[in-house]
Amino acid sequence: MTRREPSFDALYRAHAPSIFRRARTLLGSDADAQDVVSDVFTSLYERPDQYAGRSALSTFLYSMTTHVCLNRIRNHKRRARLHESGRDAISVAAPHSAAPDRAAQLRELLLLMPEPLGQVAIYYYLDELTHAEIAEMLGCSRRHVGDLLVRLSAWMQARERCA
Amino acid sequence: MSLEPQERPEGCPTDLRFDAWSAGELDANARALLEAHLDGCARCRDRHAALAAERAAYLELHPRAELRIAKAVPARALRWPIPAALLGAAAAVALFLALPAADPSGQVRRKGAAGIGFFVEHGGTHARGRTGQSVHPGDRIRFTYTSDRPAYLVILARDAAGTVSVYFPSGDAAGYVSEGYDRPLDSSVELDATLGAESVFALFCERGFGLAGPRSALTATHTLVAEQGCQLAKLSWTKERAP
């Protein structure tokens, strides 16, 4: 289809690869990551007005992908609880990121981490964003990001003491 | 277990920054800064090259979005708001989308969960099609299918002049499709100038088959019959002169 205005296809080609890469890093599975790409673009197709233009589209999609992946991780966790099979329910395939060890560690922690800390952990430890960039992602102040990181650090130290 | 602190050297861009760059979202000043940084940073040149290679490989495997359109919303054209900073950028995303029509999915299905639907592109907008609706020469049709199991699929049409066309696949044998709900096919077709009623037949079969048989049957009998191991779905439209 040839059209002059940028199309949904153009949007897909500009952003789908980064969504896939991000989801694969977070979930550790190509198949799960491809499902996330489909989820994100189906959602965009059905509700394009959910992007309000307050940030760059790539920033919005990073945040959206993070939400979708965290939901999947939590759903896996609930299912795992139901089946009393511990962490077996989530894929632990080798990640494909610049920091694979960190991604694998983070995936394990996300299974255990309180929900409000999951996003900030991903943005800080995996994406290596600054406080300001995390604040833009979360739509909050830099100070609140600092508070969340302090809570995250305390949670991880408590886990280490218990281990 | 604890996580190591950040390793990204100060001043080096994040992957998010690289993604914004490749999506055309950076303004001229930001682009110039990033390019200057790359000139002097081998680490970032390598990372940029790796991301570009991944991007190309992904699009080679998945050139189009695979949507899961499971619910219908009212048809209306929407334009996305564009941040001022992005206006004029190469990848500014002014989307002109016509969303699926209010009629649930437009799917035409038989018992056993095989069916087809379609989207129409007309005048730069897309809308979900409904069986019986009007279409126009030059419109582009993209079919969707629903099947609860993998199948061999062919979509044929017989127009008002009695001409039989194969809309899917492009080869001489039925195309293999995986199971899926309302999944768009990879290709689209442009409608020709023959006006009048057109019937569309989708044949889903458990085994592969050539197109000569269904094409001959449709030409001779004006319809198709599903044999054992196959399911048939139909829809129609009326091609009218463009207003």
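The values are calculated or read from the model by the stated rules, or taken from the named source; none is laboratory data. Everything numeric in this text was worked out from a predicted model, so none of it was measured. Here the Cβ positions follow ideal geometry from the backbone for every residue, glycine too, while neighbour counts run over all protein chains shown. Heads up: the accessible areas ignore ligands, DNA and RNA and are worked out on the full protein's heavy atoms, side chains in. Shrake-Rupley method; radii C 1.70, N 1.55, O 1.52, S 1.80 Å.
Values as computed for the structure displayed
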quantity: Pairs where the first residue, in region B:47-58, is closer than 19 Å to residue A:12 by Cβ and of a type outside the set (A, V, I, L, M, F, W, C) and the second is open to solvent by 50 Å² or more (accessible area, probe 1.4 Å) and in a helix (DSSP H, G or I), C-beta under 7 Å, 6+ apart; calculated: B:55/B:22
quantity: Lone unmet requirement of (1) surrounded by fewer than 17 Cβ atoms within 10 Å (Cβ to Cβ); (2) in contact with a helix residue (DSSP H, G or I) (Cβ under 6 Å, 6 or more places away or on another chain) for residue B:224; calculated: (1)
quantity: Residues of region B:1-46 classified as hydroxyl-bearing (Ser, Thr, Tyr) and touching a residue at least 40 places away in the same chain (Cβ under 8 Å), total; calculated: 0
quantity: Residue A:56 being within 9 Å of chain B (Cβ to nearest Cβ) and at pLDDT below 90; calculated: yes
quantity: Residue among B:55, B:43 that alone is modelled with pLDDT of 90 or more, surrounded by fewer than 18 Cβ atoms within 10 Å (Cβ to Cβ) and among the basic types (Lys, Arg); calculated: B:43
quantity: Residue check, residue B:186 under 16 Å from residue B:120 (Cα atoms) and modelled with pLDDT under 85; calculated: yes
quantity: Total residues in region B:210-243, condition of a type outside the set (A, V, I, L, M) and either closer than 20 Å to residue B:170 by Cβ or not in a strand (DSSP E or B) (or both); calculated: 15
quantity: Single condition residue B:231 does not satisfy, out of (1) under 18 Å from residue B:158 (Cβ atoms); (2) under 24 Å from the mean Cα position of the chain (by Cα); calculated: (1)
quantity: Within region B:70-159, strands (runs of 3 or more DSSP E) holding 3 or more residues that are at pLDDT below 50; calculated: B:77-79, B:96-98, B:108-110
quantity: Residues satisfying the stated conditions in region A:98-126, i.e. crowded, with 21+ Cβ neighbours inside 10 Å and not aliphatic (A, V, I, L, M); calculated: A:107, A:118, A:123, A:124, A:125
quantity: Failed condition for residue A:74, given (1) at pLDDT below 90; (2) facing chain B (nearest Cβ under 8 Å); (3) not in a loop (DSSP other than H, G, I, E, B); calculated: (2)
